[in-house]
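The values are calculated or read from the model by the stated rules, or taken from the named source; none is laboratory data. From a predicted model like this one, the values you see are computed outputs, not experimental measurements. In this analysis, Cβ positions are derived from the backbone assuming ideal geometry, glycine residues included, and neighbour counts consider all displayed protein chains.
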Amino acid sequence: MQPIILPFAFKHLPKENLIIIDARAGKDNHQKYLNKHIKGARLIDLDKDLAEIGGDAAFGGRHPLPEIGKFAETLSRLGISEKDHIIVYDDKNGSNAAARAWWMLRSFGFEKVQVLDGGIQNAEKQGLEFSDGEESFEKVEVIKKENWLFPISNLEDVENELINHSSTVIDVRDAYRYNGESEPIDLVAGHIPGAINIPFSENLDKSGNFLSPEKLWEKYMEFLKESPEHLIVHCGSGVTACHTALALAYAGFPVPDLYIGSWSEWSRREGKEIAKEI
C-alpha cells in the first residue's frame, strides 16, 4: 500500500470500510470543516487529538504525542476500526497535520493509511464530492495497544547519535529557520549542531504534489550517500517532520526515527548548543 493517493484514484476506491479524515489545523479548523469538507470526512484536531500539549515545551516540545491509550479513545470516537482503509487530507500539502495523522495511525498498527496528494485543494480540482455541516457516524470499540510501532527518538538519543556520528539527523524546516536568520514560531533561531537541512517543501513539485517515488529516492540518496544510514527526522514541533517520514516511505526508504520534541524542545532546553549558518 503506497502512502500517497491521488484524488482520481480516490474516486475508484470501494466505499466499504473507507474512512476519510479531515486533518486541517488551526483555530478555525472546525469552522472550515463545517463550511466545506470532502463528503463523509471526520474531523481530527492536531492540538487535541494528535498531540497532548504540556505546560513546558522544553520537555516534549510544542506537540508531544498523546498517550497511545488516549489516541485509541480518539479513534473509537471517530468510529475507526482495525479493518478500515483510512485516507487523510489537510490544506497544506500534507505538511499541516495529515502526515502526522498518517504517522500516528501507521505507528498505531493500521496498515491501510494514505495521505491525499495535494490536499483538499487538489480534491476540489479533481471534482471529488463535498459536503458541509457535521457528519453522522457511530463510535466503535476501543482498540487496545501498548506501544507505538514506529521508532521514536528523544533529545538524549539525538544528542548521543550526533556525538557518535551514528545517525543522520535531518531538520526539515525552511532553510532560513535552520540557518538562524529568523524564527517565526520558537524562541531562538538556529539548528541542532550536526543536523543537516532538507526542507520538507523539497518533497513537492511546483504544483504542490509529492514528487514521484523515483525522484524522491534519487534526491535523498544524493543527500545521504556519504552519511550514516540510520535517519532521524525533526522539525519545529514534530508535526512537519512526519511529511518527510511520509516522503521517505513513499520513496521506499525505511520509516526514519521521529524526534517528537524537535527544535521547540531543543532550543528551550537549558545548556543545549545552538548552531547558525549566518
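Just to be sure, is D186 part of a loop (DSSP other than H, G, I, E, B), farther than 27 Å from I21 by Cβ and not hydroxyl-bearing (S, T, Y)? So D186 fits the description; yes. Among the conditions (1) in a loop (DSSP other than H, G, I, E, B); (2) out of contact with any Phe, Trp or Tyr (no Cβ under 6 Å at 6 or more places or on another chain), K272 misses just one, which is (2). Contact annotation: residue pairs with Cβ atoms under 7 Å, 6 or more positions apart or on different chains, pairing a residue in the range 231-244 that is in the same structural domain as I170 (by TED's automatic domain parsing) with a partner that is at pLDDT below 95, are T240/S95; H243/G94; H243/S95. If you go through the range 33-58 and keep only what is over 23 Å from V113 (Cα atoms) and surrounded by 15 or more Cβ atoms within 10 Å (Cβ to Cβ), you end up with I53, A57, A58. If the condition is being over 13 Å from F200 (Cβ atoms) and under 18 Å from the mean Cα position of the chain (by Cα), then the range 219-236 contributes L231, I232. The helices (runs of 4 or more DSSP H) located wholly in the range 2-75 that include 3 or more residues which are free of Cβ contacts under 8 Å to residues at least 40 places away in the same chain occupy 29-35, 46-49. When the criteria are applied in full, K70 fails the requirement of being within 17 Å of the chain's Cα centre (by Cα) and surrounded by fewer than 15 Cβ atoms within 10 Å (Cβ to Cβ). Just one residue in the set I53, I38, I44 is within 25 Å of L248 (Cβ to Cβ) and either out of contact with any helix residue (DSSP H, G or I) (no Cβ under 8 Å at 6 or more places or on another chain) or outside the structural domain of G236 (by TED's automatic domain parsing) (or both); that residue is I44. Of the residues making up the range 238-259, those that are assigned to a helix (DSSP H, G or I), surrounded by fewer than 24 Cβ atoms within 10 Å (Cβ to Cβ) and among the aliphatic types (A, V, I, L, M) are L248, A249, A251.
Residues checked against (1) surrounded by fewer than 20 Cβ atoms within 10 Å (Cβ to Cβ); (2) in a strand (DSSP E or B):
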{"position": "W103", "(1), (2)": "no, no"}
{"position": "Q114", "(1), (2)": "no, yes"}
{"position": "Q121", "(1), (2)": "yes, no"}
{"position": "L128", "(1), (2)": "yes, no"}
{"position": "G133", "(1), (2)": "yes, no"}
{"position": "S136", "(1), (2)": "yes, no"}
{"position": "V140", "(1), (2)": "yes, no"}
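F223 satisfies every condition listed in (1) hydrophobic (A, V, I, L, M, F, W, C); (2) touching a Ser or Thr at 6+ places or on another chain (Cβ under 8 Å); (3) at pLDDT below 95 except (2). Apart from one condition, E265 fits all of (1) closer than 20 Å to A57 by Cα; (2) in contact (Cβ under 8 Å) with a residue 24 or more places away in the chain; (3) in a loop (DSSP other than H, G, I, E, B); the exception is (3).
Listed by first and then second residue, the pairs with beta-carbon distance under 9 Å, at least 6 apart or on different chains, first residue in the range 89-111 and within 14 Å of I143 (Cα to Cα), second charged (D, E, K, R) and in a loop (DSSP other than H, G, I, E, B), are F108/K145; G109/E82; G109/K145; F110/E82; F110/D84. Taken together, L65, L78 contain a single residue that is within 19 Å of L258 (Cα to Cα) and either of a type in the set (D, E) or crowded, with 16+ Cβ neighbours inside 10 Å (or both), which is L65. Each residue in the range 82-101 was checked for being touching a helix residue (DSSP H, G or I) at 6+ places or on another chain (Cβ under 8 Å) and either outside any strand (DSSP E or B) or within 19 Å of S237 (Cα to Cα) (or both), and 11 of them qualify. Restricted to the range 1-34, and to residues there that are at pLDDT 95 or above and charged (D, E, K, R), the residue that is nearest to D132 (Cα to Cα) is K32.
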